[in-house]
Amino acid sequence: MESYGELLRTTRESKQLDLDRASREISIEKRYLAGLEEEDNSVFPGDAYMVGFLKNYADYLELDSEFILKLYRNKQIQESPLPQGLYEPHRPRYFLPAIIIPSVLLVAVVVTVLILINVKKKNKTDDGVVVASGMKSRQYELSDKKFTQRVYKGDQLFIPTENDGKIILTVRDTLSAFGIDTPSGVYYIELAEESELDINGDNASDMIVYVSDISSTDESRGAEVSILLRHGVAVEPTSVVAAEEIPFASEVKSSHPYKVIHEDNRAYPFTVNASFRGPCLFRDRVDNSHSVESYFARGDLFTATPRNGIRLWMSNFNTVKITIIADSKSFDLDIGAAGQIFVEDIKWIKDTDGKYKLVVIELD
């Protein structure tokens, strides 16, 4: 069988490209490109990353990416273990009627039960959830009642706060494990796993998530989840940021002038939404938490709700549209140039006039 890794390497060498140059031009780390050429899947965080990088690398080298992906999938199939019962001897023919007839009856009973269950689910209404359908994603507002729903990648969950604001959670992944973006970071919950999440970074459990159904092969099936809010998450939010947590304008260190997008007489949590129209390596650090690096593809979404600031690093600024929501107002940031590596802070500062200003600061 033809090796996709060897084909990548020989094509790159025929174009007189080294891995360092390819890494810079395609904005994919060198170790990932080397892993593709060596067919070493262990260097990637997951299969989705590996497939995304493989397609982009093949396109960059002007290869047929579908053919390369086909070679990769063929290798995966060949390396998969054989089914346990593949070599078991066949039963004699006279056993077939005794096996087939009960099996058909059993399948008919199971299908009937599933149809009845699905009809029941469709007719059931959840009084504690407000749903708004959109073209690409759906939004749900959580309450103190248990939330049970099949959700899909890009769907958003809103948790109301006492100042009429909302904490926004976004479904990041529905393949093999349920991934959800929160203001304090990304969480992944496995099938049949119950996890307690700290969504506002105060080291206390805010919600319990249980995954009852998720596919390991079909992301479009979504994930069946149950969510229960802990008492206090919606009535004890960090709605106002303490003044001592906000830096003065004179403390801003950047060779570029900052841009004021909103001002008020107090500072409070704001929301950052990013939508992607192409591949981008994206890193974020909310408030003083650890930075999180992820690979986003066309159509992906990112959401965070920092208390007083967020730092964003983007490998391809032209592919990212960023919207900031503060005090129920939306502000769209400018889109950069293709291939531009961009780092910026979005945060509150205090000015000499006593006003709090939400600013965007380009970093060197």
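Consider region 58-75. How many of its residues are more than 23 Å from residue 173 (Cβ to Cβ), open to solvent by 90 Å² or more (accessible area, probe 1.4 Å) and either polar (S, T, N, Q) or not in a loop (DSSP other than H, G, I, E, B) (or both)? Give the derivation first.
Of all residues in region 58-75, those more than 23 Å from residue 173 (Cβ to Cβ) come to 58-64, 66-68, 70-71, 74-75.
Keeping just the survivors that are open to solvent by 90 Å² or more (accessible area, probe 1.4 Å) gives 62, 64, 66, 70.
With either polar (S, T, N, Q) or not in a loop (DSSP other than H, G, I, E, B) (or both) added as a condition, the list becomes 66, 70.
Result for region 58-75: 2.
Of everything in region 211-248 that is at pLDDT 85 or above and in a loop (DSSP other than H, G, I, E, B), the residue that is most open to solvent (accessible area, probe 1.4 Å) is 217.
Matching residues to (1) under 19 Å from residue 143 (Cα atoms); (2) out of contact with any Leu (no Cβ under 6 Å at 6 or more places or on another chain); (3) not acidic (Asp, Glu):
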| site | (1), (2), (3) |
| --- | --- |
| 166 | yes, yes, yes |
| 169 | yes, no, yes |
| 174 | no, yes, yes |
| 184 | no, yes, yes |
| 188 | no, yes, yes |
| 193 | no, yes, no |
| 197 | yes, yes, yes |
| 213 | no, yes, no |
| 218 | no, yes, no |
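Being open to solvent by 100 Å² or more (accessible area, probe 1.4 Å), under 30 Å from residue 4 (Cα atoms) and at pLDDT below 70 is true for just one of 84, 78. Which residue is that?
Working: 78 fails: at pLDDT below 70.
Only one candidate passes the filter, namely 84.
Filter region 140-175 down to residues that are open to solvent by 60 Å² or more (accessible area, probe 1.4 Å) and not in a strand (DSSP E or B), then give me how many there are. Selection size over region 140-175: 8. Set side by side, the residues 208, 189 differ, and just one is among the β-branched types (Val, Ile, Thr), surrounded by fewer than 21 Cβ atoms within 10 Å (Cβ to Cβ), farther than 18 Å from residue 304 by Cβ and modelled with pLDDT under 90, which is 208.
Going through (1) open to solvent by less than 30 Å² (accessible area, probe 1.4 Å); (2) modelled with pLDDT of 85 or more; (3) out of contact with any Ser or Thr (no Cβ under 8 Å at 6 or more places or on another chain); (4) not charged (D, E, K, R) one by one, residue 265 falls short only on (1).
Does residue 22 satisfy the condition of being out of contact with any helix residue (DSSP H, G or I) (no Cβ under 8 Å at 6 or more places or on another chain), under 18 Å from residue 278 (Cβ atoms) and of a type in the set (Gly, Ala, Ser)? Let's see the steps before the verdict.
On the way: out of contact with any helix residue (DSSP H, G or I) (no Cβ under 8 Å at 6 or more places or on another chain): no; under 18 Å from residue 278 (Cβ atoms): yes; of a type in the set (Gly, Ala, Ser): yes.
So residue 22 fails the test.
For region 1-57, the candidate set comprises residues that are outside any helix (DSSP H, G or I) and modelled with pLDDT of 90 or more; within that set, the residue that is most open to solvent (accessible area, probe 1.4 Å) is 16.
Where strands (runs of 3 or more DSSP E) fall entirely within region 270-364, those with at least 3 residues that are surrounded by fewer than 21 Cβ atoms within 10 Å (Cβ to Cβ) are at 271-276, 280-286, 292-296, 320-326, 329-332, 342-350, 356-362.
The values are calculated or read from the model by the stated rules, or taken from the named source; none is laboratory data. Here the structure is a predicted model, which means the values were calculated and not measured. All Cβ positions, even for glycine, are placed from backbone atoms using ideal geometry, and neighbour counts span all protein chains on display. Ligands, DNA and RNA are excluded from the accessible area calculation, which covers all protein heavy atoms including side chains. Shrake-Rupley method; radii C 1.70, N 1.55, O 1.52, S 1.80 Å.
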